[in-house]
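Below: one structure, written as structure tokens.
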Amino acid sequence: MAYAVELRNISKRFPGVVANRDVSMKVRGGSVHALVGENGAGKSTVMKILYGMQQPDSGEILIDDQQVAFRKPADAIAAGVGMVHQHFMLADNFTVLENVILGYEPTKRGVINVAEARKKILEMSAAYGLDVNPDALVEDLGVGQRQRVEILKVLYRGARILIFDEPTAVLVPQEVDELFGALHGLREDGLTVIFISHKLDEVLRVADDVTVVRAGSTVAEVKASDVTAKQLAELMVGSELPSPEIHGTPRRELITLSLKNVTVPSPSGARDLISDVSFELHAGEVVGIAGVEGNGQSELIEAILGLRKYRGEVLFKGESLDRFSVAHRRDLGIGFIPEDRQRQALLMASPLWENRILGHQRGKPVMNGYVIDKKSTMTDTISIMEEFDVRAPGPDTLALALSGGNQQKFIVGREMRGDPSLLLASHPARGVDVGAQADIWNELRRAREKGMAIVMISADLEELIGMSDRLLVMLRGKITATLDPKTTTPESLGSAMTGAA
Ligand SMILES: Nc1ncnc2c1ncn2[C@@H]1O[C@H](COP(=O)(O)OP(=O)(O)O)[C@@H](O)[C@H]1O
Ligand SMILES: [Mg+2]
């Protein structure tokens with residue numbers, strides 16, 4: 001069988017790192033082929049090699065069964081290979097048309113034939129649903145449209161094999177759908193698409209075949225229809241996925257938190273967002289609050305923290321919190337992982353050590369009397385980074401420079417600092433990679449075993465069931481069911497959440 005692209009044992013090292021070690025893949029002509037792997041697995045490097053941007057140390061590249069050696073991208077383009085980069089490489093102050101034809105201008109008696117170029121661009125746009133105005137300035141375009149210009153540019157150069165490096169990372173869902181439509185259109189016309197991604201649901205939606213790389217090497221090549229997202233994820237990380245689970249009953253007799261008939265009126269007072277919620281939580285116990293988003297779970301956490309006015313009583317270790325400010329409640333030993341980490345938990349443009357202070361601007365290690373103790377804050381930030389495996393160059397690194405998983409581990413670390421007796425955790429592992437998720441679950445388990453009481457909200461029902469000692473279901477502001485996680489399935493919990501059971 002003929003392959004559009006065949007890579008045989010591509011290896012490439014950079015000073016101090018092996019980026020590719022025997023990467024092999026076979027890409028069928030007229031297919032969408034996904035290349036998946038964790039960050040740093042070597043995906044971009046091997047595709048840069050295929051595109052002639054980098055030279056392999058060893059290995060072979062075949063295009064349509066012919067061995068090739070590309071010294072520069074122009075060689076790859078001449079052989080019909082094009083690349084749509086992860087970071088766009090367009091000239092901002094040029095029009096779409098100028099960018100597309102740049103370096104490949106069609107001429108007619110020595111003059112650039114703009115009419116010819118425009119016609120071709122409009123034809124390609126229409127054929128693949130890549131709608132852009134050829135006369136728009138690139139600087140005026142949004143990212144989705146810039147990406148279309150990149151694709152048109154590659155097609156204009158006659159590519160039959162198109163490489164996309166994480167094309168969906170910059171797109172909104174609507175644009176992702178449009179891009180996938182275009183990719184399938186290209187495939188229909190017999191073109192070959194190589195699609196790099198680490199988002200497995202997308203991969204399974206768009207790809208025919210999948211190559212998985214781990215730590216620089218190919219570990220599997222499979223048909224997309226033969227695998228599940230979970231299986232792909234396990235191939236990517238090289239082990240079974242961590243599962244959310246807790247064991248035993250470390251519960252102590254001490255009641256850490258007690259709510260008595262807590263009712264939260266809406267800001268206008270017109271109705272109640274939460275009515276009559278009562279429960280007790282022991283030290284070393286995790287209570288999971290289940291509910292379809294918007295049924296009062298967030299308001300419940302906010303009331304406990306003092307961010308919302310309520311009627312009824314909130315007791316912490318037997319003492320009423322009702323007259324206490326948020327700051328006072330936090331100082332008594334309440335940690336808080338908010339639902340929106342970038343907006344509620346971090347100052348994105350500030351260094352980590354300043355983010356360490358956020359919400360903890362009283363007492364040690366941050367304050368020394370009335371002044372911020374930068375030195376001890378820095379030291380403490382470094383120890384959070386070490387203990388919670390926050391991967392960043394140092395405490396001076398800006399929060400926005402961290403991956404989502406590392407941001408979240410930092411927040412979890414900060415909120416568990418000083419062993420608070422109670423942790424209010426909203427979606428503690430949402431939107432992070434599997435490694436960070438496992439780390440966060442481990443920290444929660446450890447804290448529970450040491451006697452921390454945890455109130456957890458999560459939209460991930462497996463997480464909620466696996467990590468909780470007890471489940472409370474909220475529906476329209478009321479607790480409508482108390483369930484034992486040991487006998488609850490995601491399906492039965494889902495039914496309880498919608499009031500169907
Ligand atoms: N130009 C380079 N110089 C040094 N190291 C590099 C270079 N490009 C990539 N690497 C390293 O090679 C490894 C693989 O990187 P990359 O191919 O970008 O991975 P992926 O695209 O799968 O995230 C990483 O450890 C990365 O830091
Ligand atoms: Mg990459």
*Report whether or not G238 is more than 22 Å from the chain's Cα centre (by Cα) and either open to solvent by 50 Å² or more (accessible area, probe 1.4 Å) or of a type outside the set (K, R) (or both).*
no
*Select from segment 154-178 the residues that are within 16 Å of ligand 1 (Cβ to nearest atom) and open to solvent by less than 10 Å² (accessible area, probe 1.4 Å) and write down the one among them that is nearest to the chain's Cα centre (by Cα).*
T168
*Could you tell me which of the residues G284, G318 is farther than 29 Å from G499 by Cα and buried (at least 21 other Cβ atoms within 10 Å of the Cβ)?*
G284
_Within segment 211-220, does at least one residue satisfy the condition of being away from ligand 1 (no atom under 16 Å from the Cβ) and surrounded by 13 or more Cβ atoms within 10 Å (Cβ to Cβ)?_
no
*Of the residues that make up segment 16-26, is at least one within 12 Å of ligand 1 (Cβ to nearest atom), under 29 Å from the mean Cα position of the chain (by Cα), more than 22 Å from E166 (Cβ to Cβ) and surrounded by fewer than 19 Cβ atoms within 10 Å (Cβ to Cβ)?*
yes
*asked:* Of everything in segment 78-116, what is touching a residue at least 24 places away in the same chain (Cβ under 8 Å), of a type in the set (G, A, S) and not in a loop (DSSP other than H, G, I, E, B)? Give them in sequence order.
replied: G82
*So, of the residues in segment 452-484 that are in a loop (DSSP other than H, G, I, E, B), over 22 Å from R252 (Cβ atoms) and of a type in the set (D, E, K, R), which turns out to be most open to solvent (accessible area, probe 1.4 Å)?*
R476
*Filter result (assigned to a loop (DSSP other than H, G, I, E, B) and either buried (at least 23 other Cβ atoms within 10 Å of the Cβ) or within 16 Å of ligand 2 (Cβ to nearest atom) (or both)) within segment 27-55*: G37, E38, N39, G40, A41, G42, Y51, M53, Q54
*Is at least one residue of segment 327-339 surrounded by fewer than 18 Cβ atoms within 10 Å (Cβ to Cβ) and not in a helix (DSSP H, G or I)?*
no
*Restricting segment 15-26 to residues that are over 27 Å from T228 (Cβ atoms) and out of contact with any Gly (no Cβ under 7 Å at 6 or more places or on another chain), which is nearest to ligand 2 (Cβ to nearest atom)?*
V17
*When you look at R448, is it touching a residue at least 12 places away in the same chain (Cβ under 8 Å) and open to solvent by 30 Å² or more (accessible area, probe 1.4 Å), yes or no?*
no
*How about segment 247-272: which of its residues are open to solvent by 30 Å² or more (accessible area, probe 1.4 Å) and in contact (Cβ under 8 Å) with a residue 24 or more places away in the chain?*
T249, R251, R252, E253, L254, I255, K260, N261, P265, D272
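On the given criteria, is G59 among the small types (G, A, S), open to solvent by less than 30 Å² (accessible area, probe 1.4 Å) and either within 16 Å of ligand 1 (Cβ to nearest atom) or part of a strand (DSSP E or B) (or both)? Please lay out each step first, then the result.
Numbers: among the small types (G, A, S): yes; open to solvent by less than 30 Å² (accessible area, probe 1.4 Å): no; either within 16 Å of ligand 1 (Cβ to nearest atom) or part of a strand (DSSP E or B) (or both): yes.
It is false that G59 is among the small types (G, A, S), open to solvent by less than 30 Å² (accessible area, probe 1.4 Å) and either within 16 Å of ligand 1 (Cβ to nearest atom) or part of a strand (DSSP E or B) (or both).
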*Determine if segment 155-162 includes at least one residue that is hydroxyl-bearing (S, T, Y), out of contact with any Leu (no Cβ under 8 Å at 6 or more places or on another chain) and modelled with pLDDT under 90.*
no
_If I filter segment 142-153 for residues that are open to solvent by 20 Å² or more (accessible area, probe 1.4 Å), modelled with pLDDT under 90 and part of a loop (DSSP other than H, G, I, E, B), do I get at least one hit?_
yes
*asked:* Report every pair of residues separated by at least 6 positions or lying on different chains whose Cβ atoms are under 8 Å apart, first residue within segment 185-198 and small (G, A, S), second not in a loop (DSSP other than H, G, I, E, B).
replied: G185/A127; G185/Y128; S197/A34; S197/L35; S197/V36; S197/V203
_R187 - would you say it is of a type in the set (K, R), under 22 Å from E6 (Cα atoms), surrounded by 13 or more Cβ atoms within 10 Å (Cβ to Cβ) and more than 16 Å from ligand 1 (Cβ to nearest atom)?_
yes
*Could you give every pair whose Cβ atoms fall below 7 Å, whose first residue belongs to segment 155-178 and is under 15 Å from A127 (Cβ atoms), and whose second residue is outside any loop (DSSP other than H, G, I, E, B) and within 16 Å of ligand 1 (Cβ to nearest atom), counting only separations of at least 6 or pairs across chains?*
L162/V84
*For residues in segment 87-105 being touching a strand residue (DSSP E or B) at 6+ places or on another chain (Cβ under 9 Å) and loosely packed, with under 15 Cβ neighbours inside 10 Å, which is modelled with the highest pLDDT?*
N93
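The values are calculated or read from the model by the stated rules, or taken from the named source; none is laboratory data. This one's a predicted model, so the numbers in the text were calculated from it and none came from an experiment. Every residue, glycine as well, gets a Cβ built from its backbone with ideal geometry; the counts of neighbours run over all protein chains shown. Note: accessible area is taken over every heavy atom of the protein model, side chains too, but ligands, DNA and RNA are not part of it. Shrake-Rupley method; radii C 1.70, N 1.55, O 1.52, S 1.80 Å.
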